[in-house]
Amino acid sequence: MEQIVNLHIERLPEGVYLATSEEVPGLVAQGRTVAETLEIARDVARKLLEARAERDDSARLESIGDTFDYPLIVGT
């Protein structure tokens with residue numbers, strides 16, 4: 001089942017990007033680009049959610065429905 005995890009992404013003064021999530025405590029991911037940061041964040045979120053499921057600590061995340069909004073980032 002796919003779920004939606006909202007991320008907060010910020011560019012740090014060092015020029016790298018940092019992703020965190022209030023919905024998934026412990027999710028911290030850093031990458032050189034937004035795409036790399038998102039890829040790492042997806043892996044970290046998956047592992048954290050699997051660990052929560054093993055402890056029967058069900059995450060209350062929104063499931064993906066028939067429609068949802070997604071911000072598309074395009075470099076120029």
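Each reported figure results from applying straightforward, stated rules to the coordinates on display, with no laboratory input. All values reported here derive from a predicted model rather than from experimental measurement. Backbone-built Cβ (ideal geometry, glycine too); neighbour counts: all protein chains shown.
Quick look at the values:
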quantity: Sites Glu2 and Val28, calculated FRET efficiency, Cβ-Cβ separation with R0 25 Å, nearest 0.05; calculated: 0.70
quantity: For the stretch 3-56, size of Cβ-based charge dipole, Lys and Arg +1, Asp and Glu -1, in debye; calculated: 60
quantity: Within the chain, longest stretch clear of exposed trypsin sites (Lys or Arg not before Pro) (DSSP loop, no more than 16 other Cβ within 10 Å); calculated: 1-31
quantity: Arg52 versus Tyr70: modelled label distance in nm, points set 7 Å from Cα along the beta carbon direction; calculated: 2.1
quantity: Cα-based convex hull volume of the stretch 3-56 per residue, rounded to whole Å³; calculated: 69
